[in-house]
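The values are calculated or read from the model by the stated rules, or taken from the named source; none is laboratory data. Owing to the predicted nature of the structure, the values given are computational and were not obtained by experimental measurement. Because the Cβ atoms are built from the backbone with ideal geometry, glycine has one as well, and the counts that use them run over all protein chains shown.
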2 protein chains.
Amino acid sequence: MQKTAMEIDQAAIILKLLGDRTRLTMLKILDEEVCCVCEFVDIFGMSQPSISQHLRKLKDIGMVREERKGQWIFYSINKSHDDYPFVRELLGQLPSQIYKLTELEAQGRRISCC
Amino acid sequence: MQKTAMEIDQAAIILKLLGDRTRLTMLKILDEEVCCVCEFVDIFGMSQPSISQHLRKLKDIGMVREERKGQWIFYSINKSHDDYPFVRELLGQLPSQIYKLTELEAQGRRISCC
DNA sequence: TTAATATATAATTATTTGCTTATATAATCA
DNA sequence: TGATTATATAAGCAAATAATTATATATTAA
């Protein structure tokens with residue numbers, strides 16, 4: 001049986017969210033690793049509220065989930081989302097961004113929180 | 001040899017453009033058929049300048065091309081664009097929108113211009 | 001040539017977006 | 001307990017967006 005094709009309006013909503021370099025990179029990273037807010041702040045060199053707001057948008061459509069672990073809140077991609085296959089296909093065509101985490105780690109800034 | 005992965009910033013630019021229901025539907029249609037401006041005006045029930053402006057954005061990144069035929073200007077998708085494979089993969093996951101053209105035709109409004 | 005048709009561009013406007021700063025909440029640590 | 005750290009939310013603002021109306025340009029038809 002074939003997968004139901006995605007509705008075009010729903011696709012437009014998702015693409016609009018992914019059409020931002022910060023969120024697109026976030027999702028690409030989250031497709032490979034779980035990550036906490038402070039890491040994203042570090043990676044993107046943006047203010048913490050700005051990062052929180054981007055994550056909020058991804059959470060609002062259910063594409064990411066959060067899980068508190070003590071002081072930190074970890075975000076992960078929601079692979080059970082109806083539209084995850086669509087997103088995954090798309091992310092699959094982009095180069096891995098894991099090197100950004102590797103860089104953090106090299107500077108000892110990843111361990112500090114995660 | 002493997003295809004070079006798309007740059008993430010370039011992907012974000014394209015996704016932002018596709019993150020609009022009008023442009024996304026346009027591109028989906030153009031991936032299957034050549035179309036002229038007046039047909040889009042009819043299909044979307046939007047003003048002609050609005051349609052022209054959406055087409056302009058798609059043209060600005062080189063994803064569509066225009067070709068004048070007399071009075072009319074026909075738009076087609078640019079399959080030679082470096083990022084066309086990315087776009088195609090994405091569009092391939094969406095349901096065909098050709099029925100919108102079929103509807104026009106049924107009302108005798110397609111023949112009128114094309 | 002004049003009128004009609006198809007399209008593009010310019011100007012305007014309301015809405016949305018993405019950032020900032022300020023503040024609130026929650027958990028940990030001394 | 002009080003201080004620190006991590007995060008979220010609220011408010012404000014400048015820039016971008018997507019629509020509209022008005023106008024310009026190009027082609028065809030009378």
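A few points about this structure:
Each row is one residue, and each column tells you yes or no for (1) in contact (Cβ under 8 Å) with a residue 24 or more places away in the chain; (2) out of contact with any strand residue (DSSP E or B) (no Cβ under 9 Å at 6 or more places or on another chain); (3) more than 14 Å from every other protein chain (Cβ to nearest Cβ); (4) hydrophobic (A, V, I, L, M, F, W, C).
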position: B:12; (1), (2), (3), (4): no, yes, no, yes
position: B:23; (1), (2), (3), (4): yes, yes, no, no
position: B:48; (1), (2), (3), (4): no, yes, yes, no
position: B:67; (1), (2), (3), (4): no, no, yes, no
position: B:95; (1), (2), (3), (4): no, yes, no, no
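- Residue check for residue B:39: crowded, with 16+ Cβ neighbours inside 10 Å, within 12 Å of DNA strand C (Cβ to nearest atom), away from chain A (no Cβ under 14 Å) and not basic (Lys, Arg): yes
- Matching helices (runs of 4 or more DSSP H) fully within the range B:36-99 where at least 3 residues are under 14 Å from the mean Cα position of the chain (by Cα) and within 16 Å of DNA strand D (Cβ to nearest atom): B:37-44, B:48-60
- Residues that are within 11 Å of DNA strand C (Cβ to nearest atom) and either modelled with pLDDT under 95 or part of a helix (DSSP H, G or I) (or both), drawn from the range B:12-33: B:12, B:15, B:16
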